[in-house]
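Take a look at the structure set out below.
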Amino acid sequence: MGEKLDRRRFIQLTGATGMAAIAGCSGDNGDQQTTEPATEEPTEEPTEEPTEEPTEEGPDYTNPSETENALIEPQTLNEWVEAGLVNSDDVYADPRVAVIRSDAGGYASGHVPGAVPLEVGDAAGGALLKATRLDGLAKTKALVPTGETVDQLIQNAGVGPNTTIVISGPGEGASMYYGTRLYWTLRFWGFPRERLKLLNGGTAAYGEEYELSLENVETPETGYNLEAFDEPNYGLRKGLNEMLQLVDDVNAGESSASVIDQRGSWDAKIANSHVESAANYVEGESFTQPAKWKSADEIEEHVFSYDGVEDGDEIVTMCHSGFKGTLAFFALDGIVGYDNAALFDGSWKFTWKQYNGEQDPTPNDAWRTDMHGRTEGEITATDQLSIDPDLNEQLTDLATLDANQVKKDAIEYIVGDTSGGFGCGS
């Protein structure tokens, strides 16, 4: 297979110019004939230099880190499987691939050969991708998992220093968010785009063309952990303190940032945000059916059609509970390659609507989402978040790292301390 693959890639990358160059290397001058007497030396015309510019070499898809973007097709993944790159014994090999099925419950029904389920201890699937953590004035549900959890996750998957991670799983419905939430989680904790891939159409799409495996997979021990990265990509997440500052700055005309809210139609929303359906990023009329992702051009056309959203502006995605919002984040960060996207994982349900005057104790004014023009519409219901009275008294300045405990913990986990000037939560 390797020889066929190399030849196909060679022809694709060289095109007509490359083939013409090969023909020109023979030194054959074609049908030129001389009419001069045989006693005279024939005049040899110099070979003309090619006038066409050589075609620019494109990405080498035999190298998993060099795909066009973070979205890959089943054919590409199958080539990596057949080339022996998936879950190879040499954890330091470059290239090397690990495949994680994000819906661990469906693992036994069939998976990409060499894939492992998303699980750590007793936690699996979507439950592994959220944690109750202190952020702002209270412990909050469904936030990004801790560094310890992510270290266990990548070690269970056999990830090494040169491994590209492919995320497979459902290609439709709410479970599709497990894949994009895992993508965002790994990006936040330091993984670069080129080492993360999402399988277009999920495991089902792969199974339509190639044989799925029913065997449990053992992975080699790697000892690899997040300390391999200099620091987390903490700019890809917005804590509540950062969201409040962002909204205030937009309201004051001091920021061009935009918020994309994927909850659908609701009576209340963050001020100036764009509320939309998750189906704007996948093909087909219904997101509940198996679907493929839209192209980068289509995604850009959609996002930048909103009033006030310009290419280069900061774009924050969000949703009701922190998962659906990762769909838009992946579309921007993974498919378009947009460098200024982030996720508000605290979400509307677990964070934004909780910081209002109905709570006891009432959050101090700096944190109130129902004041300062921060919310359009009325917040009428709460789940009674347990505001910490001491933090409520101490944290009256949003622009401090202490007001964003998740960011602070992430920096301390990888870097070791927060004395290196990491900013103050804005």
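The values are calculated or read from the model by the stated rules, or taken from the named source; none is laboratory data. The shown structure was predicted, so the numbers you read here are calculated from the model rather than taken from an experiment. Please note: Cβ atoms are built from the backbone with ideal geometry, for glycine as well, and neighbour counts cover all protein chains shown. Note: accessible area is taken over every heavy atom of the protein model, side chains too, but ligands, DNA and RNA are not part of it. Shrake-Rupley method; radii C 1.70, N 1.55, O 1.52, S 1.80 Å.
Please state which one of GLY337, GLY325, GLY346 is surrounded by 24 or more Cβ atoms within 10 Å (Cβ to Cβ) and over 20 Å from VAL250 (Cα atoms). Talk me through it step by step, then tell me what you get.
Values: GLY337 fails: surrounded by 24 or more Cβ atoms within 10 Å (Cβ to Cβ); GLY346 fails: over 20 Å from VAL250 (Cα atoms).
When all the criteria are applied, what remains is GLY325.
Are there helices (runs of 4 or more DSSP H) fully within region 308-426 with at least 1 residues that are in contact (Cβ under 8 Å) with a residue 24 or more places away in the chain and aromatic (Phe, Trp, Tyr)? List them.
Numbers: elements: 325-330, 347-350, 389-394, 405-414.
Of the helices (runs of 4 or more DSSP H) lying wholly inside region 308-426, those with at least 1 residues that are in contact (Cβ under 8 Å) with a residue 24 or more places away in the chain and aromatic (Phe, Trp, Tyr) span 325-330, 347-350, 405-414.
Taking only region 47-91 into account, find how many residues are farther than 21 Å from GLN155 by Cβ, at pLDDT below 95 and not in a loop (DSSP other than H, G, I, E, B).
Count: 1.
Out of the strands (runs of 3 or more DSSP E) lying entirely within region 92-176, which hold 2 or more residues that are open to solvent by 30 Å² or more (accessible area, probe 1.4 Å) and either of a type in the set (Ser, Thr, Tyr) or within 21 Å of ILE414 (Cα to Cα) (or both)?
Values: elements: 96-101, 131-135, 138-143, 163-168.
Correct list: 131-135.
Looking at region 224-241, which of the residues that are touching a Leu at 6+ places or on another chain (Cβ under 8 Å) and part of a helix (DSSP H, G or I) is nearest to HIS372 (Cα to Cα)?
ASN241
Within region 313-322, work out how many residues are open to solvent by 10 Å² or more (accessible area, probe 1.4 Å) and either at pLDDT 95 or above or at positive phi (or both).
Quick first cut of region 313-322, residues open to solvent by 10 Å² or more (accessible area, probe 1.4 Å) only: 313-314, 320-321.
Those still in the list that are either at pLDDT 95 or above or at positive phi (or both) too: 313-314.
Total meeting the criteria: 2.
Would a scan of region 188-197 turn up a residue that is open to solvent by 20 Å² or more (accessible area, probe 1.4 Å), more than 30 Å from GLN75 (Cα to Cα), touching a helix residue (DSSP H, G or I) at 6+ places or on another chain (Cβ under 8 Å) and in contact (Cβ under 8 Å) with a residue 24 or more places away in the chain? Spell out how you get there, then give the answer.
Residues of region 188-197 that are open to solvent by 20 Å² or more (accessible area, probe 1.4 Å), as a first pass: 192-195.
Narrowing further to those that are more than 30 Å from GLN75 (Cα to Cα): none.
Checking region 188-197: not a single residue is open to solvent by 20 Å² or more (accessible area, probe 1.4 Å), more than 30 Å from GLN75 (Cα to Cα), touching a helix residue (DSSP H, G or I) at 6+ places or on another chain (Cβ under 8 Å) and in contact (Cβ under 8 Å) with a residue 24 or more places away in the chain.
Please tell me if VAL86 is in contact with a strand residue (DSSP E or B) (Cβ under 6 Å, 6 or more places away or on another chain) and among the β-branched types (Val, Ile, Thr).
On the way: in contact with a strand residue (DSSP E or B) (Cβ under 6 Å, 6 or more places away or on another chain): yes; among the β-branched types (Val, Ile, Thr): yes.
Answer is yes for this residue.
Yes or no, residue by residue, for (1) open to solvent by less than 50 Å² (accessible area, probe 1.4 Å); (2) polar (S, T, N, Q); (3) in the same structural domain as THR400 (by the TED database); (4) modelled with pLDDT under 95:
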{"residue": "GLU211", "(1), (2), (3), (4)": "no, no, no, no"}
{"residue": "THR219", "(1), (2), (3), (4)": "yes, yes, no, no"}
{"residue": "ASP261", "(1), (2), (3), (4)": "yes, no, yes, no"}
{"residue": "ILE270", "(1), (2), (3), (4)": "yes, no, yes, no"}
{"residue": "TYR281", "(1), (2), (3), (4)": "yes, no, yes, yes"}
{"residue": "PRO290", "(1), (2), (3), (4)": "no, no, yes, yes"}
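Can you tell me which residue is nearest to TYR92 (Cα to Cα) among those in region 242-265 that are polar (S, T, N, Q) and not in a strand (DSSP E or B)? Spell out the reasoning first.
We begin by selecting, within region 242-265, every residue polar (S, T, N, Q); these are 245, 251, 255-256, 258, 262, 265.
From what is left, the residues that are not in a strand (DSSP E or B) are 245, 251, 255-256, 262, 265.
Values: GLN245: 43, ASN251: 50, SER255: 44, SER256: 43, GLN262: 40, SER265: 48 Å.
The qualifying residue nearest to TYR92 (Cα to Cα) is GLN262.
Out of the residues in region 408-418 that are in contact with a Ser or Thr (Cβ under 9 Å, 6 or more places away or on another chain) and not aromatic (Phe, Trp, Tyr), which is surrounded by the fewest Cβ atoms within 10 Å (Cβ to Cβ)? If you could, list the steps in order and put the result at the bottom.
Here is the first cut: in region 408-418, the residues in contact with a Ser or Thr (Cβ under 9 Å, 6 or more places away or on another chain) are 408-413.
In the following step, the residues that additionally are not aromatic (Phe, Trp, Tyr) were identified as 408-412.
On the way: LYS408: 20, ASP409: 18, ALA410: 26, ILE411: 21, GLU412: 12.
My answer is GLU412.
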